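Let me begin by presenting the structure, written as structure tokens, before commenting on it.
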Amino acid sequence: MESKRIALRRVLKSMELFALGYSDVSSTYYFSMGVIALYSGSSLPIVMLLGSIPLWIAGLTYAELGSAMPEAGGAYYYVRQELGRVPGFIAGWLLDFDQILMISYGAVGFSGYLSVLVEDLRAWPLNVIVSLLMIWVLAIINIIGVKPSARFNLALVAIDLTGILTLATLGAYSILHRVHYVSPSVSFAIPAIGLSYALRGYTGIDVIAQSAGEALLPGRSVPRSIVAICTLSTAVALIISIITSYAGLIPYIAEHLNDPLGALAVGLFGHGLLSSYISFSIALVMLLSVNAGIVDYSRSIYSMSNDSLMPRQLAIVHPRFKTPYLSIITASSVASLFVLSNDVELIAGSYGIASVITYALAVLALIRFKASNVAEGFSTPILRVSNLRIPVLALVGLPIFAMAIMLEVIYKPQYVLPVTLWLIVGFIILLLMRNFK
């Protein structure tokens, strides 16, 4: 039996949705660019550009489904509505895993970028201690129920963009005005491993879909914010990777996996106020991603519990603070295990696999949706074959998502293991929920 859904207040405008989504998307490549550079070398700009394609496919899919079905839950809700209970559970459960990893990489990235200001944060165990401290401080804040306002998110995004624009503008200026500068070549030979990381390096757009139930005028605000996020994220990542390449700093940022853009700032401007400001601004965004992961996970588990897909105990709210404290503690505990590994490649390698599978399920949901509905608002192109209406996004996206998973399985199979174990646990829970209803 379908549970009654509680309508949320529609208060989020386009700029507020943009602030929520951009901080999530930008934090993913702020964290993963060092690993991508490590395996891409001189092809980094091309690889980063190709890596933005899944972001656009997922974003436009969410833009259409989110404007047509503006409900909280995002991909979990769309997939369950169009494909059924079990596919919906898989989509929601996999997104939960990536939200846990978002908490992990945000915490590790926070201490990493702060290490430009405090050198001791580069070394174990202080880096791990600070990362864990940030997770649990934010977990307690979320249990107590203190939430950052939309204006606070906008302020942090403004600080982030100011730092990144400063890095891009002054970085380009310093490169163009070098007297003895020899331009390195950009290779078009795409390394498969680098591409595998890049195709999963722009996740985070899910937060817009999950917030569609709180969007004011969702038919306009959801597509506008998604297109703005995809455009700006692609442009910034491409510009930063070009500057890194032409400054000859790809090997240098590949040595600094915890703070690749902080290393870029130091490589361009040296240690000083400018590089410290840029690193600090990015550290704030990484901190925001920790909070976003905790909030998104708790909302998702709460929604799935109310739909009888997860144990109702996880949806229990604190008697005093009225927050889903058990789901917050669960997410923070699992994220802490990844932080304790002190392995950036483990987090970066495992992150995004679940999102790519969820994106593919969302595209399949879009196929089903377009087969029986004509969108009145935002609509993506279709290809008509006889009586079939096939979304162009499906023709482009499904092969790309399949390639992203295949490359990971071939070249880095060890990082598929955490996702596989998470799925097995999920299916056990689903089976138990079915047997004990």
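A compact table of results
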item	result
Elements of type helices (runs of 4 or more DSSP H) contained in the stretch 173-288, each with 2 or more residues being among the small types (Gly, Ala, Ser) and at pLDDT 90 or above	192-198, 218-246, 260-269
Residues that are closer than 18 Å to TYR351 by Cβ, touching a helix residue (DSSP H, G or I) at 6+ places or on another chain (Cβ under 6 Å) and among the aliphatic types (A, V, I, L, M), drawn from the stretch 69-100	ALA75, ALA91, LEU94, LEU95, ILE100
VAL86, sole failed condition from (1) touching a Pro at 6+ places or on another chain (Cβ under 6 Å); (2) open to solvent by 10 Å² or more (accessible area, probe 1.4 Å); (3) under 21 Å from VAL425 (Cα atoms)	(1)
All positions within the stretch 381-431 that are free of Cβ contacts under 8 Å to residues at least 40 places away in the same chain, farther than 20 Å from LEU199 by Cβ and aliphatic (A, V, I, L, M)	ILE382, LEU383, VAL385, LEU388, ILE390, LEU421, ILE424, VAL425, ILE428, LEU431
Odd one out for GLY66 among (1) small (Gly, Ala, Ser); (2) open to solvent by less than 20 Å² (accessible area, probe 1.4 Å); (3) modelled with pLDDT of 90 or more	(3)
Filtered residue count, the stretch 219-272, keeping only those that are more than 16 Å from THR166 (Cα to Cα) and of a type in the set (Val, Ile, Thr)	8
Selected residue (only one of ALA254, ALA235 is hydrophobic (A, V, I, L, M, F, W, C), free of Cβ contacts under 8 Å to residues at least 40 places away in the same chain, within 24 Å of LEU50 (Cβ to Cβ) and surrounded by fewer than 24 Cβ atoms within 10 Å (Cβ to Cβ))	ALA235
Residue ranges of helices (runs of 4 or more DSSP H) in the stretch 338-422 with at least 2 members out of contact with any Gly (no Cβ under 6 Å at 6 or more places or on another chain) and of a type in the set (Ser, Thr, Tyr)	353-372
Any hit, the stretch 29-42, residues being touching a residue at least 40 places away in the same chain (Cβ under 8 Å), part of a helix (DSSP H, G or I), in contact with a His (Cβ under 8 Å, 6 or more places away or on another chain) and of a type outside the set (A, V, I, L, M, F, W, C)	yes
Residue count for the stretch 96-141, restricted to those that are surrounded by 24 or more Cβ atoms within 10 Å (Cβ to Cβ), over 22 Å from VAL35 (Cβ atoms) and either acidic (Asp, Glu) or more than 20 Å from the chain's Cα centre (by Cα) (or both)	1
Count of residues meeting criterion [open to solvent by less than 20 Å² (accessible area, probe 1.4 Å) and under 17 Å from LEU154 (Cα atoms)] in the stretch 257-282	2
Index of the failed condition, SER333 passing every other in (1) under 29 Å from VAL108 (Cβ atoms); (2) touching a residue at least 12 places away in the same chain (Cβ under 8 Å)	(2)
Search result, residues across the stretch 227-269 that are under 22 Å from the mean Cα position of the chain (by Cα) and of a type in the set (Asp, Glu)	ASP259
Filtered residues of the stretch 344-374 (kept if open to solvent by 10 Å² or more (accessible area, probe 1.4 Å), of a type in the set (Val, Ile, Thr) and in contact (Cβ under 8 Å) with a residue 12 or more places away in the chain)	VAL344, ILE357, ILE367
Subset of the stretch 295-332 (residues that are among the basic types (Lys, Arg) and either touching a Ser or Thr at 6+ places or on another chain (Cβ under 6 Å) or not in a loop (DSSP other than H, G, I, E, B) (or both))	ARG299, ARG312
GLY59 outside any helix (DSSP H, G or I) and either modelled with pLDDT of 95 or more or within 26 Å of THR380 (Cα to Cα) (or both)	no
Residues satisfying the stated conditions in the stretch 283-329, i.e. under 30 Å from TYR29 (Cβ atoms) and open to solvent by 50 Å² or more (accessible area, probe 1.4 Å)	ARG299, TYR302, ILE329
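The values are calculated or read from the model by the stated rules, or taken from the named source; none is laboratory data. The model shown is predicted, which means the values in this text are computed figures rather than measured ones. Note that we place each Cβ from the backbone using ideal geometry, even for glycine, and neighbour counts take in every protein chain shown. Please note that ligands, DNA and RNA were not included when accessible areas were found on the heavy atoms of the full protein model with its side chains. Shrake-Rupley method; radii C 1.70, N 1.55, O 1.52, S 1.80 Å.
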